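Okay, so here's the structure we're looking at.
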Amino acid sequence: MPLHIGIVACSAEGAALCYRTICAEGADLFGPHAHPEVSLHSHSLAEYVECLDRGDIEGVGELMLASARKLARIGASFLICPDNTIHQAFSHVAPRSPLPWLHVAEVVAAEAATRGFRRVGLTGTRWLVDSDVYPEKLDAHGLACVRPTAAERERTHRIIMEELVYGVFKPEGVVYFQQVIERMKDQGCDAVILGCTEIPLIIDDAKSALPTLDSTRLLARAALHRAAAER
């Protein structure tokens, strides 16, 4: 039997895309209609937002750990979190977790290195882009990270938190992300990280001036391979 995947969810749209990807692509590894057992736990997004707004990263970590313990009790074998922003708390979470995790930025950085990219743009919430979640993991692979400007961070943050997390996809939001990615290309980037798990719902390779690194689906695929490897 494949390993049981536990999803520590934060925002609904990103977690749903991750779950759907696991279920839809599981057939490639396990046969028609098959996928590993999957369990998901989520606190209210508002609880995470309150912690992030006041800079309480340990509070974020405690929420993640509470989910981890519940998932461990119902039999999950390992954990993933389809939310890039709250990986800021990973150093607080990992040593105290009852189960091992896959780290989304490690998965994305490894993919970027495998595909031969050297200078990668980063999109996501202001909280994520201001953090070292991605620069640290990219640097370990010898990759440069280019962040949006302060004005771009504010506007993309608003689009994510006021639109995408609610499943609202406006044409003007798509256009703005495209403009940010185009500017990153002009800065010498050779790929862009879709570093909010909702961004792949509006941006893909066909809509982007740069090759995209879809953090949501890459994490889901890494979880599938982890589940399959230890059957």
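The values are calculated or read from the model by the stated rules, or taken from the named source; none is laboratory data. All of these numbers come straight from a predicted model, not from anything done at the bench. Cβ sites come from the backbone with ideal geometry, for glycine too, and all protein chains shown count toward neighbours. Accessible surface areas use protein heavy atoms only, side chains included; no ligands, DNA or RNA. Shrake-Rupley method; radii C 1.70, N 1.55, O 1.52, S 1.80 Å.
For the stretch 155-166, check the following and say yes or no: at least one residue is touching a residue at least 12 places away in the same chain (Cβ under 8 Å), basic (Lys, Arg), in contact with a Leu (Cβ under 8 Å, 6 or more places away or on another chain) and farther than 21 Å from residue 15 by Cβ.
No, every residue in the stretch 155-166 fails to be touching a residue at least 12 places away in the same chain (Cβ under 8 Å), basic (Lys, Arg), in contact with a Leu (Cβ under 8 Å, 6 or more places away or on another chain) and farther than 21 Å from residue 15 by Cβ.
Based on this model, can you work out whether residue 30 counts as in contact with a Gly (Cβ under 8 Å, 6 or more places away or on another chain) and among the aromatic types (Phe, Trp, Tyr)?
no
Regarding residue 148, is this residue open to solvent by less than 50 Å² (accessible area, probe 1.4 Å), farther than 22 Å from residue 220 by Cβ and part of a loop (DSSP other than H, G, I, E, B)? Working first, answer last.
Details: open to solvent by less than 50 Å² (accessible area, probe 1.4 Å): yes; farther than 22 Å from residue 220 by Cβ: yes; part of a loop (DSSP other than H, G, I, E, B): yes.
Yes.
Within the stretch 175-205, count every residue that is under 21 Å from residue 18 (Cβ atoms) and either of a type in the set (Lys, Arg) or not in a loop (DSSP other than H, G, I, E, B) (or both).
Within the stretch 175-205, the subset under 21 Å from residue 18 (Cβ atoms) is 177, 191-205.
From what is left, the residues that are either of a type in the set (Lys, Arg) or not in a loop (DSSP other than H, G, I, E, B) (or both) are 177, 191-194, 199-201, 205.
Looking only at that region, the number is 9.
Identify the single condition in (1) part of a helix (DSSP H, G or I); (2) touching a Gly at 6+ places or on another chain (Cβ under 8 Å); (3) under 24 Å from residue 222 (Cβ atoms) that residue 51 does not satisfy, given that it satisfies every other one.
(3)
Answer yes or no as to whether residue 201 is in contact with a Pro (Cβ under 6 Å, 6 or more places away or on another chain) and at pLDDT 95 or above. Break it down stepwise before answering.
Details: in contact with a Pro (Cβ under 6 Å, 6 or more places away or on another chain): no; at pLDDT 95 or above: yes.
No; evaluated as a whole, the condition is false for this residue.
Within the stretch 106-135, can you find the residues that are open to solvent by less than 10 Å² (accessible area, probe 1.4 Å), touching a residue at least 60 places away in the same chain (Cβ under 8 Å) and part of a helix (DSSP H, G or I)?
Answer for the stretch 106-135, where residues must be open to solvent by less than 10 Å² (accessible area, probe 1.4 Å), touching a residue at least 60 places away in the same chain (Cβ under 8 Å) and part of a helix (DSSP H, G or I): 108, 112, 128, 129, 134.
Given 26, 61, 14, which one is crowded, with 19+ Cβ neighbours inside 10 Å, within 21 Å of residue 196 (Cα to Cα), at pLDDT 95 or above and in contact with a His (Cβ under 6 Å, 6 or more places away or on another chain)?
Result of the check over 26, 61, 14: 61.
Across the stretch 78-102, what is the number of residues that are open to solvent by 40 Å² or more (accessible area, probe 1.4 Å) and closer than 22 Å to residue 1 by Cα?
So the count comes out to 2.
Select from the stretch 154-193 the residues that are in contact with a strand residue (DSSP E or B) (Cβ under 9 Å, 6 or more places away or on another chain) and farther than 28 Å from residue 46 by Cβ and list them in ascending order.
181, 183, 184, 185, 187, 188, 189, 190, 191, 192
With (1) assigned to a loop (DSSP other than H, G, I, E, B); (2) in contact with a Gly (Cβ under 9 Å, 6 or more places away or on another chain); (3) under 30 Å from residue 178 (Cα atoms) as the list, and residue 75 as the residue in question, which single condition is left unmet?
For residue 75, the failing item is (3).
Being under 28 Å from residue 162 (Cβ atoms) and assigned to a helix (DSSP H, G or I) is the filter here, so list the residues in the stretch 23-48 that pass it. First the steps, then the outcome.
Just the residues of the stretch 23-48 that are under 28 Å from residue 162 (Cβ atoms), to begin with: 40-48.
The answer is 45, 46, 47, 48.
Just one of (1) surrounded by 14 or more Cβ atoms within 10 Å (Cβ to Cβ); (2) in contact with a helix residue (DSSP H, G or I) (Cβ under 7 Å, 6 or more places away or on another chain); (3) over 29 Å from residue 25 (Cα atoms) trips up residue 203, so point out which.
Failing condition for residue 203: (3).
Hey, among 118, 147, which residue is under 18 Å from residue 52 (Cβ atoms) and at pLDDT 95 or above?
Working: 118 fails: under 18 Å from residue 52 (Cβ atoms).
Of the residues listed, the single one that is under 18 Å from residue 52 (Cβ atoms) and at pLDDT 95 or above is 147.
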